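So the structure is just underneath, and the comments pick up after that.
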Amino acid sequence: MTLDVQTILAAIGVLASVVTVIGGLFKLWQVGLKGAWGYLKSKIARTFWNVPKSTLIILPEHERHLWWHMGGINGKPAMQIVGDFYLTNITGEPVLVPKTYLTAYSFKWGLIPTIKKAEGNVSVRLSQGNIFGNYHIPPRFTTECRADWWIQPPIKMPGKRLRGRVCFIDHFGNKHWTPILTWGYK
């Protein structure tokens, strides 16, 4: 049986089409009607209210400021993950950061990659003082923040490193992701 170039190219074209259709259907399922309506509302709001698309630059502090340890919630083991970050407001107006999420990566049974998402708390340093809380970041100003997340049940054993990404969400609804970070055990 011999295969000519035309047959191979046709098979590659069919495979590419199938992958594209499956990817499009997955995205449609992922976004859904509610997501499409929310997207449309945010586009309209950004157009009429001049809402900035990007407001923050996020940098983790030194690697030793990213750590986790075992704790407990209601007598059951849980992981507390903590990180210190620098937040820079790149807009001309104050920015509030009310939410943060952690996407932690691990392997189940050492083989199957898993992702665990956790909502956390963020405390921003006041621009004048050493007080942390729910404060606005002044325009074109860099400040520090501490964020923490709890994962129950734990996905790592004590002593192991944790890898993941962090998302900070500002009061405009913009999501600001870090690159993949590593937390050491304390």
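For I115, state whether it is in contact (Cβ under 8 Å) with a residue 12 or more places away in the chain and surrounded by 15 or more Cβ atoms within 10 Å (Cβ to Cβ). So I115 does not fit the description; no. Considering only the stretch 37-51, I want to know if a residue exists there that is in contact (Cβ under 8 Å) with a residue 12 or more places away in the chain and out of contact with any strand residue (DSSP E or B) (no Cβ under 9 Å at 6 or more places or on another chain). For the stretch 37-51, residues in contact (Cβ under 8 Å) with a residue 12 or more places away in the chain and out of contact with any strand residue (DSSP E or B) (no Cβ under 9 Å at 6 or more places or on another chain): present.
Listed here are the residues, each with its yes/no results for (1) farther than 16 Å from Q80 by Cβ; (2) at pLDDT 95 or above; (3) touching a Phe, Trp or Tyr at 6+ places or on another chain (Cβ under 7 Å).
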| position | (1), (2), (3) |
| --- | --- |
| G110 | yes, no, no |
| K116 | no, no, no |
| Q128 | yes, no, no |
| G133 | yes, no, no |
| W149 | no, yes, no |
| P153 | no, no, no |
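Can you give me the number of residues within the stretch 30-57 that are of a type in the set (A, V, I, L, M, F, W, C), more than 30 Å from C145 (Cα to Cα) and modelled with pLDDT under 70? Residues meeting the conditions: 2.
The values are calculated or read from the model by the stated rules, or taken from the named source; none is laboratory data. Since this is a predicted model, take the numbers as computed values, not measurements. Cβ: placed from backbone, ideal geometry, glycine included. Neighbour counts: every protein chain shown.
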